[in-house]
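Structure, as C-alpha cells:
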C-alpha cells in the first residue's frame, strides 16, 4: 500500500458536457427533479444555491436551465477513461452519490518511469483533459486523492505519504458526506471532530481501536483506508484491496480492399464469408456474441453504401449472418462497383452458453430447437419484414376478435381456454375486419345463400367504450362452406366473421 | 450427324433413366415415398399408399374457391389435417400465406398446439417460393401448410417446391384452387376437397405408384354441430331464415349469454 500513488481527476463541470457552450456571464443551471444540482459561476454569483428550487433560481439569476442527462455524462466519462487508458491500465470512474461531482481515479505509481516522472505525467494528463475544467488531487490512497482534489494543491513531483497525511489533516469532516451517511458525520461533529486531523490525532494517542469502539468497524476501516494506516497483520499485502484494471470496450472491425471493382453480388460471396469467419473466430476466442453486424461498401470515389444485419438471438458463429447478408444483397442491386468492404460489430455481449440438460436418449433436437428457429426466423424476416412471422395466442376478452393476438415467434403463448369458451363453437379462420352479409327478402346471403344451422350465441360487452351486442350463428352456404355470422343488435346488420374449417 | 448413330458419350439408356428415383412408373411402387403419417381418417388411409399422408413429398389439395374473386380457399382443412397434426410431437407447424387469420380459440378446440404453430405471411409469388423452399428444407418445420398466392404457380415453380420437399422430412401441403386441377403438377399426391351439406368429400386424382385411384372418392363425416337438422331446415324454408326464434328450438349449443359486470 506504501507504494501506491493515486491521482484523482474531479470534474466539477461534468453536468454541463451534455449542453451547448454559453458565454461566461450567462447564468446556467442544471436541474434534477426540479432542483438545481449545478450552477455555473455567473449563477452562483447571482445568489443561486445548489439544491434550490428551480423557480427561485430563475427569479434570482434569469438563468438558462437544463435537465440533467446522466447517460451522456456516463458516456463522456467512459470516453475519458478510454483516453486515459493510454497512461495507466488502473483507471476507473468514480460517480459521487451526493455531490454531482464525478470523475476518474488513476493509480499511477507504476507508470511514473515510463512517462518521465510525476510532473511530466501530470502535465500530459492535463493536456488530455484540456477540454473540461478539472480539479487534481494526489495522495497515497484512493479516498485521500479524491478529498485532496478539493484542496487544489499544486503538484510538485516530490510528494511523499507524510505530505499527503499533513494535507488530509486539514480537510473538514463535512467532506466525508460523500462516503458516509449524514448521521455519522453529524455524530462526528457533535463529538468534537472538526477536521480529519482531529481523528488522526485521536488515533495517534489512543490507537484505531478507540475509533472502532465508538463509531463502528466499518468507519474504522474507512479511516484506515483513507490514511493508508498499516495494520498489524502478518502479511499486509494479502489484505490490500486489489486495484481494478480497466477493460477497454471490445469491438470488431475488418476491412478488405479488392484488386478490381466488383459489380456482381456473386463475386462478393467469398470475401463476405472470409470476413465473417474472422468475426466468428474473434467472438469464439473472447467468449462473446453479437446480434448485429454492419457492412459498408465503398467505391473508388469513397461513396459508401450501408447494410445492417440483425438477428433475434445473439450469435457467436458466422453462418446466420452470412445467410442474412446474402438475402439482403439478393433483394437489392449493388449501387456501384465495389472497391472496398468494411465489417463492423460494435455491441458485443457475453456469450451465454445455452443450458443443456443431460440427455442419455440421444435425442438432441429439443435443445437445438431454439437456435434453429432463430435461424429460420432471421432468414424469413430478412426477406419478408418484421411483421411477417408470428404466432397466435388466446387473450381473455368478451369480444371474439380481441381473443386472438399475434405474438413474436419466441414469446410463449396462452392456450388456456376458459371453461365458458371450451364448448362454444369457434371458427378456425377469422376475418380481422368482419365482412358485411346481405339480408334481402328474408334471405341471408354472402357470395351465395346462407342457411342458419345453430345459434344464437349472444355476446355482449365492451359497454365502457363502444357497446357491442351480437347474436352469433353457424351458417352453411349453398356450396357447403360453414361460416360464422352475426347480427349486430345495435345496428341491425349482418356480418360474416369467420370460417369453420375443422 | 447421323440420327441413327447418336454420340455414344451422350447415350442414356432407358435402364439408366429408370434408375432415377423421381420418374413415375405407373403402378410401380418402388420409387414412391415410403414414409407416411397416419391421416387419422380410416377411410382416407385405405385410399393412400402406405396408409397415410406421404412424408417428404409435395401433397396438393385442390379446393373450390370459397370466396369469389379472391384466392381464399377453405374447405375443411383443419377437419382433414388436425388428426395428423396432433400426432406431431415436435417441430413447428407453419402456415404460409394463410387465407385469413388463424383464430386461436378455434384452433385450441381443434387440439392444435399454438406454441408450435407459426404463421408466415408471404403474398408475393417470389417471396412465397423462397419461403416455401426455405421452410421445407428446415428441420424444425415438421408440417407446412401453404396456400398458393394469387398468381398461379407454374410447373417449374411447383417442381422447385417438390424438390425442396424431398430434401425435408415433414408433411408438406399446398392448397390450390380447383381450377388448376387440369394442369399437370409434379406433386406426389393430388386431392380434391369439397364440402357438402353433410360431408367432406375427398377425391384422390393422382397418386404416384397407383393408377386406379382416379375415381375413388370418400366422404368424411362432419362434426355434429355443423349438420343441419331436417326439421330445422324445413323451418328455415317456411319462416324467415335468420330468425332467432326458429333456430332457438333446435340449437345444439347452449345459449351463452354473458354480460360484462
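The values are calculated or read from the model by the stated rules, or taken from the named source; none is laboratory data. Small disclaimer: the values here were computed from a predicted structure and weren't measured. Counting neighbours? That spans all protein chains shown, and the Cβs are built from the backbone with ideal geometry, glycine included.
Among the helices (runs of 4 or more DSSP H) contained in the stretch A:106-202, which hold 2 or more residues that are over 30 Å from residue A:40 (Cα atoms)?
Output list reads A:117-128, A:161-168, A:182-191.
Please specify each residue of the stretch A:211-232 satisfying the condition of being touching a residue at least 40 places away in the same chain (Cβ under 8 Å) and either on the phi > 0 side of the Ramachandran plot or surrounded by fewer than 19 Cβ atoms within 10 Å (Cβ to Cβ) (or both).
Passing the criteria: A:222, A:225, A:228, A:230.
Can you tell me which condition residue B:174 does not meet? The list is (1) under 26 Å from residue B:107 (Cα atoms); (2) over 15 Å from the mean Cα position of the chain (by Cα), and all the others hold.
Residue B:174 satisfies all of (1) under 26 Å from residue B:107 (Cα atoms); (2) over 15 Å from the mean Cα position of the chain (by Cα) except (2).
Kindly establish whether residue B:64 is surrounded by fewer than 18 Cβ atoms within 10 Å (Cβ to Cβ) and either over 22 Å from residue A:427 (Cα atoms) or at pLDDT below 90 (or both).
Yes; evaluated as a whole, the condition is true for this residue.
Could you figure out which of (1) farther than 30 Å from residue B:92 by Cα; (2) modelled with pLDDT under 85 isn't true of residue B:225?
(1)
Looking for something at pLDDT below 90 and part of a loop (DSSP other than H, G, I, E, B) - is there at least one such residue anywhere in the stretch B:125-137?
Among the residues of the stretch B:125-137, not one is at pLDDT below 90 and part of a loop (DSSP other than H, G, I, E, B), which makes the answer no.
All but one of (1) part of a strand (DSSP E or B); (2) crowded, with 18+ Cβ neighbours inside 10 Å; (3) at the interface with chain B (Cβ under 7 Å from one of its Cβ atoms) hold for residue A:425, so report the exception by its number.
With respect to (1) part of a strand (DSSP E or B); (2) crowded, with 18+ Cβ neighbours inside 10 Å; (3) at the interface with chain B (Cβ under 7 Å from one of its Cβ atoms), residue A:425 is out only on (1).
Looking only at the stretch A:463-477, how many residues end up being more than 28 Å from residue B:78 (Cβ to Cβ) and more than 7 Å from chain B (Cβ to nearest Cβ)?
Qualifying residue count for the region: 5.
Going by the structure shown, is residue B:174 within 21 Å of residue B:55 (Cβ to Cβ), modelled with pLDDT of 60 or more, more than 8 Å from every other protein chain (Cβ to nearest Cβ) and surrounded by 13 or more Cβ atoms within 10 Å (Cβ to Cβ)?
So residue B:174 passes the test.
When you scan the stretch A:299-314, do you find a residue that is at pLDDT 90 or above and touching a helix residue (DSSP H, G or I) at 6+ places or on another chain (Cβ under 7 Å), even just one?
Checked against the condition, which is being at pLDDT 90 or above and touching a helix residue (DSSP H, G or I) at 6+ places or on another chain (Cβ under 7 Å), the stretch A:299-314 yields no hits at all.
State yes or no: is residue A:438 assigned to a strand (DSSP E or B) and more than 9 Å from chain B (Cβ to nearest Cβ)?
Yes; evaluated as a whole, the condition is true for this residue.
I'm trying to understand the selection: among the residues of the stretch A:378-407, which are modelled with pLDDT of 85 or more and facing chain B (nearest Cβ under 7 Å)?
If the condition is that a residue be modelled with pLDDT of 85 or more and facing chain B (nearest Cβ under 7 Å), then A:388, A:389, A:390, A:391, A:392, A:393, A:394, A:403, A:404 are the ones that fit.
Which of the residues spanning the stretch A:278-297 are farther than 28 Å from residue A:385 by Cβ and out of contact with any helix residue (DSSP H, G or I) (no Cβ under 9 Å at 6 or more places or on another chain)?
A:278, A:281, A:282, A:284, A:285, A:286, A:287
Would you say residue B:158 is within 13 Å of chain A (Cβ to nearest Cβ), part of a helix (DSSP H, G or I) and within 17 Å of the chain's Cα centre (by Cα)?
So residue B:158 does not fit the description; no.
Quick check: is even one residue across the stretch B:30-40 assigned to a helix (DSSP H, G or I) and either more than 14 Å from chain A (Cβ to nearest Cβ) or modelled with pLDDT of 85 or more (or both)?
No, every residue in the stretch B:30-40 fails to be assigned to a helix (DSSP H, G or I) and either more than 14 Å from chain A (Cβ to nearest Cβ) or modelled with pLDDT of 85 or more (or both).
Conditions: (1) in contact with a strand residue (DSSP E or B) (Cβ under 6 Å, 6 or more places away or on another chain); (2) under 30 Å from residue A:380 (Cα atoms); (3) at the interface with chain B (Cβ under 8 Å from one of its Cβ atoms). Residue A:480 meets all but one. Number of the miss?
(2)
Looking only at the stretch B:105-133, which residues are closer than 22 Å to residue B:159 by Cβ, touching a helix residue (DSSP H, G or I) at 6+ places or on another chain (Cβ under 8 Å) and either without any contact (Cβ under 8 Å) to a residue 24 or more places away in the chain or more than 9 Å from chain A (Cβ to nearest Cβ) (or both)?
Across the stretch B:105-133, the qualifying residues are B:125, B:127, B:129, B:130, B:132, B:133.
If you go through the stretch A:443-458, how many residues are at the interface with chain B (Cβ under 7 Å from one of its Cβ atoms) and part of a strand (DSSP E or B)?
Counting residues in the stretch A:443-458 that are at the interface with chain B (Cβ under 7 Å from one of its Cβ atoms) and part of a strand (DSSP E or B) gives 10.
Could you tell me which residue of the stretch B:68-96 is modelled with the highest pLDDT, considering only residues that are within 9 Å of chain A (Cβ to nearest Cβ) and surrounded by fewer than 17 Cβ atoms within 10 Å (Cβ to Cβ)?
B:90
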